[in-house]
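Asks: Okay, handing you the structure first.
Laboratory data are not the source of any read-out in this text; all were calculated from the coordinates shown. What you see is a predicted model, and the numbers here were worked out from it, not measured in a lab. Reconstructed Cβ throughout: ideal geometry from the backbone, glycine too, with neighbour counts over all protein chains shown.
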């Protein structure tokens, strides 16, 4: 399958930074999101870590990447690497 065909079937696409590579074909991506607090109207930044599948093992720690939602690859990995920005 080509990347364009695979990406069109998935719902979500996230952009973040690789914070670790715990094992073979695995990466941990930290994704930051900013939103306005409903009561105080102040911008708040929250972050979350996602475990993703990296088939070619191209991503390195510190690189900006885009991940897409996919089938479960393991207990934690529900995302896979789409591109390195």
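Asks: At a Förster distance of 30 Å, what's the computed FRET efficiency of residue 61 paired with residue 11, Cβ-Cβ distance as r, to 0.05? Walk me through the numbers before you get to the answer.
Replies: Numbers: r = 28 Å, r/R0 = 0.92.
The pair residue 61/residue 11 has a calculated efficiency of 0.65.
Asks: Please give the FRET efficiency for residue 20 paired with residue 71, using the beta carbon to beta carbon distance and R0 = 25 Å, rounded to the nearest 0.05. List each step's numbers first, then the result.
Replies: Values: r = 23 Å, r/R0 = 0.90.
The computed FRET efficiency comes out at 0.65.
Asks: Between 17, 29, 44, find the one with the highest GNM mean-square fluctuation for the chain; connect C-alpha pairs within less than 10 Å.
Replies: 44
Asks: Something else: If you take semi-axes √(5λ) of the Cα gyration tensor in Å from the coordinates, which of (i) 25, 16, 12; (ii) 23, 15, 12; (iii) 32, 15, 8 do you get?
Replies: Of the listed options (i) 25, 16, 12; (ii) 23, 15, 12; (iii) 32, 15, 8, (i) comes from this structure.
Asks: I've got another one for you. Under a 10 Å cutoff between Cα atoms, tell me which one of 49, 13, 36 has the largest fluctuation in the Gaussian network model of the chain.
Replies: Maximum among the listed residues: 36.
Asks: Give me the distance between the Cα centres of the range 56-85 and the range 13-52, rounded to whole Å.
Replies: One Cα centre to the other: 13 Å.
Asks: Return the single residue from 58, 39, 30 with maximal mean-square fluctuation; model: Gaussian network over the chain, springs between Cα atoms under 10 Å.
Replies: 39
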